[in-house]
Amino acid sequence: MITTARILISLLIPALTATLAHAEETIDFSRDVLPILSANCFACHGPDEHDRKANLRLDQEDAAKDSYVDGNPIVAGKPDESTMIARTLSTDPESVMPPPETNKQLTPQQIDILKRWIASGANWKKHWSFEPIQRPAGTLDDQVLSKLKTLGTELQPAADPYTLVRRLSLDLTGLPPTPELADSFATAPTESAYEKLVDDLLNSPQFGEHWARMWLDLARYADTKGYEKDLGRTMWPYRDWVIKAFNDDMPLDQFTLEQLAGDLLPNPSPAQLVATAFHRNTMSNDEGGTDDEEFRIAAVKDRVDSTIQIWMGLTMGCAKCHTHKYDPIPMEEYYKFLAIFNQTEDADRYDDAPRMEVLDENQKTTLEMARSVVRVKSKELNRVKEQAAFAPQTAGNNWLKLQSIKAESQAGASLSPQDDSSITAQSTAGETDKYTVTADLAPGRYTALRLEALLQSFDDGQLGVGRNPADPNFVVSEITCESLADPTTPKSIKLSNPIADFAQQGWPVTAAIDGDAKTGWAISPRQRENHTAIFIFESPLEISAPTNIRISLDQQYGNRLILSRFRLSLSDSDPTTLKTTVDTEEVKQAAASLAEAQNDLERIQGEIAQLPIMRELASERQRETRIHQRGNFRDPGEKVTPALLTGFHADSKIEKIDRIAVARWLVHQDNTLTARVWVNRIWSRLFGLGIVETEEDFGALGAQPFNQPLLDWLADDYRRNGWSTKKLLKTIVMSETYRQASHTSDDLRKLDPRNLYTSRGG
């Protein structure tokens, strides 16, 4: 009996000691109190001023300890005088807090924690994850052992060699080891052999393929667009970039910068542009009748929410409609942050523009050759067309090229006359424009005006008749003609009965002389061909002495749908004989040859990956950003300017607030979240559970870390080692904690049923 009693006492004493220690343990505001307030109080008495009740804030120390109508919510050292305690203990449904309609009720244990906290002085701290990272002394294993000691246990012995090599191979490459690899290690499982095994697996191509899966899930990677039709899109070059980044052990700060702002870097490489496809993984909607702006905005909001959640583990999206009820993210700051991402060219277009070609060296050569052939054939067709168009007495289709003496652009483009009497616009500025051309006119009788829209090359070698490379269309809103025989009194020459070789549906050539600047002549989808329009003079123009003529081309549609190169000419022929095209046999042959070359080019281009990427709008095209009241983009509120979130940390070195600034702010030394979130995510992939169980929520409603010293040790180590993922993984898998056997006992399962404290191997 004595022996039995001693055994019982020996078993009871540690349990009793642990209970007493817990009872006497100092209440920690961040660990013990803040979760209670966040879950039960902040919805009505938190940061959101619109939903705040009784004008009472419990998320700020001064406000929570201030005097209100029914007393002080918190009186430091005096729980009996604190109305917070009185209201939580009340049995009156009109007074009890939280109110019955919230379906929340504090447990006796929670009320006891609040009482003890107030009694001890009601000391206040930030939420644990908003406090600076403090590296504890010791090693990774020391942090784990310290927690295990509180359970009265310690690390398990190392797993057997076959188990260890299998675990390591699956964790680092996602693949089981080959029998030869397993046998080789098991034959001589020394420390140096284990380290070599780790290094070999980290350097294998399969490492990047395996760990890229984690990131691609976070990046919402998809080869289709989502929504209704869910049409395909090319995203695999981005996938390959991610795999290579992991295999190359690209540091997190560079990994962040290139994906969020690769296009903004000086002279970005093709790979850096590919990286920006990270935020082009947002869904796009091709369904007929949808509002492109609505879904563009939805994509921008997704980018904002994903950026903060992936890097900082915060539920940023809550602030779209109201100030975040639990974390320091005001609604106004949400839209200031959104303003940074609101300046990219993509706009829920069917073609996912802007895009970049992703091709190998052979494809580059083949593509350039095909484009060169098209350019040559196009020039040849233009040459023979011009010969036919201006050849004298060609079927009564005589034309005189106008030689401009002055060509002006309202938007400031440089209009340059060419040897062939065409005029080119050297500019990408301006959403709209108006060209005014003044020319000498010899005496004679004139019956019609001809406008030719001519192809011009872009920097990428493509051809188009408009100034916007993404859509080289044009819209001539209005064309007018004036005689300047008396310069002080210009005489309008009325145009009538226009004809064109082609017109876009809904944009006929007649709209170019209807007096309405909102209509006009356009030529989509044939933007990469020359086009001609003829305007008949209502009354022939007869002049007896040299004079000037002035022609204006008003182009007010927007989006740079403006002529890039054009030519003007007058005819003296019978208007009924005039044609927009003159199809001589030579013209037909040249056109057929060009069509064949264009078909070859289109076939080659169809085989080349077209990857959606990010591209910033030009400064003159930057969008205005406003708060969306109740999150509704159709209900704009106050205008906001781009800014980072102020509730966390500042970076005094940031000069310009753009996506580069966001990337650097996320990995700044004073950012308390990014390093913690990333090491927690990696720990979770190795052990099946994060040190913080809510991987994507490190805010006030997120889970507390099971072992914050371990989390902070890893976060600090990650940053000290230059944000190297491979070094972090090697540190973890080389530890005794990782190498533990997974065998357990009933007692150990009771102490640590979910292996939260890594009391055994995974």
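The values are calculated or read from the model by the stated rules, or taken from the named source; none is laboratory data. A quick note: this is a predicted structure, and the numbers were derived from the prediction, not measured. A quick note on method: Cβ atoms are made from the backbone with ideal geometry, for glycine too, and the neighbour counts reach across all protein chains shown. Note: accessible area is taken over every heavy atom of the protein model, side chains too, but ligands, DNA and RNA are not part of it. Shrake-Rupley method; radii C 1.70, N 1.55, O 1.52, S 1.80 Å.
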Restricting to Cα pairs below 8 Å that are 6+ residues apart, what does the relative contact order work out to for segment 252-303? Please round to a whole percent. 28 percent
Sequence neighbours fewer than 8 away in the same chain don't count; with that in mind, list the lysines whose C-alpha is under 27 Å from residue 639. 301, 320, 325, 336, 653, 656
With each label point set 7 Å from Cα along the Cα-Cβ vector, what nm distance links residue 78 and residue 184? 7.5 nm
Counting residues in segment 282-352 as N, plug N into 2.2 N^0.38 Å and put the Cα Rg over that result. 1.19
Normalised contact order of segment 376-492, rounded percent, pairs of Cα under 8 Å and 6 or more residues apart: 14 percent
Taking the highest mean first, how do the peptides 51-57, 648-654 order by number of other beta carbon atoms within 10 angstrom per residue? 51-57, 648-654
For a quick size check, give me the Cα extents of segment 355-506 along its three principal axes, largest first, whole Å. 62, 38, 33
Considering the Cα trace of the chain, what is its radius of gyration and what is Dmax, both in angstroms? 36.0, 137
Exposure of residue 321 as accessible area (Å², to 10), given a probe of 1.4 Å and all protein chains: 70 Å²
Over the alpha-carbon set of segment 671-721, work out the extent along each principal axis and list the three values in angstrom, largest first. 29, 24, 17
For segment 187-281, Kirkwood radius (reciprocal of mean inverse C-alpha pair distance, Å): 15.0 Å
Candidate lysines - alpha carbon under 23 Å from residue 379, same-chain residues fewer than 8 apart omitted: 364, 401, 579, 588
Compactness check, segment 539-635: C-alpha Rg relative to the 2.2 N^0.38 Å globular estimate gives 1.93
Of 612, 245, 751, which is farthest along the charge dipole of the chain in the positive direction, counting Lys and Arg as +1 and Asp and Glu as -1 at C-beta? 751
At q = 0.14, 0.17, 0.19, 0.25 Å⁻¹, what is the log10 ratio I(q)/I(0) for segment 606-667, with the Debye formula run over Cα points and no solvent? -0.66, -0.86, -0.97, -1.13
Semi-axes of the equivalent ellipsoid for segment 156-208, Cα gyration tensor, largest first, Å: 17, 11, 11
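For the chain, what relative contact order do you get, as a whole percent, if you take Cα pairs closer than 8 Å and at least 6 residues apart?
17 percent
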Lys, Arg +1 and Asp, Glu -1 on Cβ, resulting dipole of the chain about Cα centre, debye, nearest 20: 460 debye
Given the C-alpha centroids of segment 544-618 and segment 221-273, what is the distance between them in whole angstrom? 36 Å
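Under 1.5 on a/c is rounded, so check that first for segment 472-543, then, if it is not, pick prolate when a/b is larger than b/c and oblate when it is not; a ≥ b ≥ c are the square roots of the alpha carbon gyration tensor eigenvalues.
Taking the square roots of the gyration eigenvalues as a ≥ b ≥ c, segment 472-543 is prolate.
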Put +1 on the Cβ of every Lys and Arg and -1 on every Asp and Glu Cβ in the chain; which of 625, 319, 684 then has its Cα farthest towards the positive end of the dipole? 684
Relative to the Cα centre, what is the charge dipole magnitude of segment 580-670, using +1 at the beta carbon of each Lys and Arg, -1 at the beta carbon of each Asp and Glu, and rounding to the nearest 20 debye? 800 debye
For the charge dipole of the chain, defined by +1 on Lys and Arg C-beta atoms and -1 on Asp and Glu C-beta atoms about the Cα centroid, which residue among 300, 289, 761 has the Cα displaced farthest towards the positive pole? 761
Cut-off under 28 Å on the C-alpha distance; same-chain residues fewer than 8 positions from residue 750 excluded. Which lysines are left, in chain and number order? 147, 149
Ranked by how many other beta carbons lie within 10 Å on average, peptides 486-497, 143-154 from highest: 143-154, 486-497
